[in-house]
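Asks: Quick one: structure below, then a few questions.
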Amino acid sequence: MAPAAAHRVSWNVLLPPVALLALVAVWGRDLPGVLVAVVAVVLGGAVLAAVHHAEVVAHRVGEPFGSLVLAVAVTVIEVALIVTLVVSGGPETASLARDTVFAAVMITCNGILGISLLVTARRQHVAVFNAEGTGAALATVATLAALTLVLPTFTTSQPGPEFSPAQLAFAATASLVLYASFVATQTVRHRDFFLPVLQGPPAADAHAEPPTARAAGVSVGLLVVALVAVVGLAKVLSPAIEAGVAAAGFPASFVGVVIALLVLLPETLAAVRAAQRGLVQTSLNLALGSAMASIGLTIPVIALASVWIDGPLVLGLEATQTVLLALTVVVGVLTVVPGRATRLQGAIHLVLMAAFLFLAVSP
């Protein structure tokens, strides 16, 4: 019995290839209601598997590389999903990139950040983190969001909330420069600014031996497979999502919110689990790093894809969205500057997240 037990395949090893096979089987098909439910269950399993393998990789490479791996991996595939939907969707998807990227920023900077602070503060009364690194990340996110999502509403070279080709090229270049500069700061020049602050007794698994290079390599491969399956299955479910949004009477822009929620599930769960272990800095690295990658990688790729996209590319935020973004930045600064946060700060960010979701449904 012992050899059989030793060769038993773990669920987190089995689920990514199963999810990928399910994606291949249902790709391009109209799904009946029962099959939609099955795909949704498989999608949830792939999310849990992605979180597990991301944590294995993070334990091997350490912070801040671990959170960077997950943030970049998810965002690269998210960008592929957005570009696919925009290119194949026609004029009705003109604002999909804006809606999805803005939703990602609000989810990460309010939802993930807020729940991480709340979980940590509930466990340790006060969440302590590095204000230098977190502040630099928030400043980068705010600058990227203003340059790419706010300015198009006020420029005059192109009618409507759009960039001219030259302006779009500048925004794409600036996004890449800012994102590359931040990654260099986070991983080379000032890595210590993004390391967790030890607070209270270490978690039970804090001193566990890191996985071997082989185990980490397997997890990298399974992480990529799981993330491809997550985003691909989200694409497969998008017609059902669109039908559900229309049936509920919600605005069409809410589709971008649902897609962002699905794609960011692995990062959300990973951030919450890190917060439960008292590693709130890791949670903040994930939240703000994901927001930054979502803008810094999406806008350049969209700018390149705009050569093949027919119709307008709406990037400028509407008035309500601009107010929510400005409030998020101001509150985020007040949260980050002290380097300490209580449950109140977590609750404030979660209320902002709730306001975003409510106004997305009832603008």
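The values are calculated or read from the model by the stated rules, or taken from the named source; none is laboratory data. As the structure is a computational prediction, the values presented were derived from the model and not from experiment. Quick reminder, even Gly has a Cβ in these numbers, built from the backbone with ideal geometry, and neighbours come from all protein chains shown.
Asks: What pairs come up if the first residue lies in the range 303-314 and is of a type in the set (Gly, Ala, Ser), the second is assigned to a loop (DSSP other than H, G, I, E, B), and their beta carbons are under 8 Å apart, counting only those six or more places apart or on different chains?
Replies: Sorted first by the residue in the range 303-314, then by its partner, the pairs are Ser306/Leu313; Gly311/Gly90; Gly311/Ala94.
Asks: Does at least one position in the range 163-178 carry a residue that is more than 25 Å from the chain's Cα centre (by Cα), part of a helix (DSSP H, G or I) and at pLDDT 90 or above?
Replies: Within the range 163-178, one or more residues are more than 25 Å from the chain's Cα centre (by Cα), part of a helix (DSSP H, G or I) and at pLDDT 90 or above.
Asks: What number of residues in the range 286-325 are closer than 18 Å to Gly133 by Cβ and touching an Asp or Glu at 6+ places or on another chain (Cβ under 7 Å)?
Replies: Counting residues in the range 286-325 that are closer than 18 Å to Gly133 by Cβ and touching an Asp or Glu at 6+ places or on another chain (Cβ under 7 Å) gives 2.
Asks: What about Leu35, is it modelled with pLDDT of 75 or more, among the hydrophobic types (A, V, I, L, M, F, W, C), within 19 Å of the chain's Cα centre (by Cα) and surrounded by fewer than 19 Cβ atoms within 10 Å (Cβ to Cβ)?
Replies: Details: modelled with pLDDT of 75 or more: yes; among the hydrophobic types (A, V, I, L, M, F, W, C): yes; within 19 Å of the chain's Cα centre (by Cα): no; surrounded by fewer than 19 Cβ atoms within 10 Å (Cβ to Cβ): yes.
It is false that Leu35 is modelled with pLDDT of 75 or more, among the hydrophobic types (A, V, I, L, M, F, W, C), within 19 Å of the chain's Cα centre (by Cα) and surrounded by fewer than 19 Cβ atoms within 10 Å (Cβ to Cβ).
Asks: Same structure again: Only one of these conditions is not met by Ala229: (1) at pLDDT below 80; (2) over 15 Å from the mean Cα position of the chain (by Cα); (3) among the small types (Gly, Ala, Ser); (4) closer than 27 Å to Phe102 by Cα. Which number is it?
Replies: The failed condition is (1).
Residue-by-condition table, conditions (1) more than 28 Å from His125 (Cβ to Cβ); (2) touching a residue at least 12 places away in the same chain (Cβ under 8 Å); (3) touching a Gly at 6+ places or on another chain (Cβ under 6 Å); (4) among the small types (Gly, Ala, Ser):
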| site | (1), (2), (3), (4) |
| --- | --- |
| Thr320 | yes, yes, no, no |
| Thr342 | no, yes, no, no |
| Leu350 | no, yes, yes, no |
| Ala354 | no, no, no, yes |
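Asks: Being in contact with a strand residue (DSSP E or B) (Cβ under 7 Å, 6 or more places away or on another chain), assigned to a helix (DSSP H, G or I) and polar (S, T, N, Q) narrows it down to one residue among Thr282, Thr320, Thr298, Thr335; which is it?
Replies: Thr335
Asks: Residue by residue through the range 163-173, note down the ones that are of a type outside the set (Ser, Thr, Tyr) and more than 17 Å from Val301 (Cβ to Cβ).
Replies: Ala166 - this is the single residue of the range 163-173 that is of a type outside the set (Ser, Thr, Tyr) and more than 17 Å from Val301 (Cβ to Cβ).
Asks: Step by step: first the residues of the range 272-299, then only those that are aliphatic (A, V, I, L, M), more than 14 Å from Phe194 (Cβ to Cβ) and surrounded by 24 or more Cβ atoms within 10 Å (Cβ to Cβ), then the one that is farthest from the chain's Cα centre (by Cα). Which residue is that?
Replies: As a first pass, look at the range 272-299 and keep what is aliphatic (A, V, I, L, M): 272, 274-275, 279-280, 284, 286-288, 291-293, 295, 297, 299.
Of the ones still in play, those that are also more than 14 Å from Phe194 (Cβ to Cβ) are 272, 275, 291, 293, 295, 297, 299.
Narrowing the set further to residues that are surrounded by 24 or more Cβ atoms within 10 Å (Cβ to Cβ) leaves 275, 291, 293, 295, 299.
Working: Ala275: 17, Ala291: 6, Ala293: 8, Ile295: 10, Ile299: 15 Å.
Taking the candidates together, the pick is Ala275.
Asks: For the range 132-161, give me each residue that is of a type in the set (A, V, I, L, M) and either under 17 Å from Thr322 (Cα atoms) or not in a helix (DSSP H, G or I) (or both). Before you say what the answer is, go through the steps one by one.
Replies: Restricting attention to the range 132-161, the residues satisfying the condition of being of a type in the set (A, V, I, L, M) are 136-139, 141-142, 144-147, 149-151.
Scanning the range 132-161 gives Leu138, Ala139, Val141, Ala142, Leu144, Ala145, Ala146, Leu147, Leu149, Val150, Leu151.
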